[in-house]
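My questions will all concern the structure given below.
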Amino acid sequence: GHPLPIVAAADDRGSVDVATLTDNNPETGWFRPEPQFKGETLRLDVGRSALLSTVVVSLGGSGALYPRTLSISTSVDGSNWTMAFTGKTGGRAFRAVLENSRDARMEFALGSTVARFIRLQLEQADEKYPWIVTDVVVKAE
């Protein structure tokens, strides 16, 4: 697929700087200092509905800060969501770090769905480690 521009992003506190999520720099991105909590969310807006194929999420060089259990949903309107992925991500994170320890990227299939919004949400807490996203790429068919 080809990358789509991400025009807006938000977490459960408010707006997130899209520039740091899309600059292809594993040293910048979205980060919260507190440990992961169930329901922690990062929402992405690609600006228009498109046939989405995958979302690629980078952990940068911080492989230990992967989301323990993640769900990814898509939406046309930002209100009604369709689940595209749910599951543990430790194996994906481990493989991503082995492939590139400075920019570990995990790829998730979205099931070729028409959507404008993507929601990444934690389904499991971690008592010690936060979650980091240094870059995101949304691909369309």
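Considering every residue within segment 97-107, establish whether at least one is more than 17 Å from T22 (Cα to Cα) and within 14 Å of the chain's Cα centre (by Cα).
No: zero hits.
Same structure, new question: Only residues that are assigned to a strand (DSSP E or B), over 20 Å from A109 (Cβ atoms) and open to solvent by 50 Å² or more (accessible area, probe 1.4 Å): list them for segment 1-35, please.
Across segment 1-35, the qualifying residues are S15, F31.
G60 passes all but one of (1) part of a helix (DSSP H, G or I); (2) within 18 Å of D11 (Cβ to Cβ); which number fails?
Going through (1) part of a helix (DSSP H, G or I); (2) within 18 Å of D11 (Cβ to Cβ) one by one, G60 breaks only (1).
Then there's this: Limited to segment 71-103, what total is found for residues that are farther than 12 Å from R116 by Cα, of a type outside the set (D, E, K, R), in contact (Cβ under 8 Å) with a residue 24 or more places away in the chain and in a loop (DSSP other than H, G, I, E, B)?
So the count comes out to 1.
Name the residue that is modelled with the lowest pLDDT, counting only residues in segment 104-115 that are outside any loop (DSSP other than H, G, I, E, B) and of a type in the set (G, A, S).
Checking each candidate, the answer is S112.
Separate question: Residue check: is D45 out of contact with any Phe, Trp or Tyr (no Cβ under 7 Å at 6 or more places or on another chain) and acidic (D, E)?
no
Only one of (1) under 21 Å from F31 (Cα atoms); (2) part of a strand (DSSP E or B); (3) open to solvent by 40 Å² or more (accessible area, probe 1.4 Å) fails for I118. Which number is that?
(3)
Are any of the residues in segment 36-57 part of a loop (DSSP other than H, G, I, E, B), more than 19 Å from A9 (Cβ to Cβ) and touching a Gly at 6+ places or on another chain (Cβ under 9 Å)?
The answer is no; no qualifying residue exists.
The values are calculated or read from the model by the stated rules, or taken from the named source; none is laboratory data. All values reported here derive from a predicted model rather than from experimental measurement. Positions of Cβ are backbone-derived with ideal geometry, glycine not excepted, and every protein chain shown enters the neighbour counts. These area figures cover heavy atoms from the full protein model, side chains too; ligands, DNA and RNA do not enter into them. Shrake-Rupley method; radii C 1.70, N 1.55, O 1.52, S 1.80 Å.
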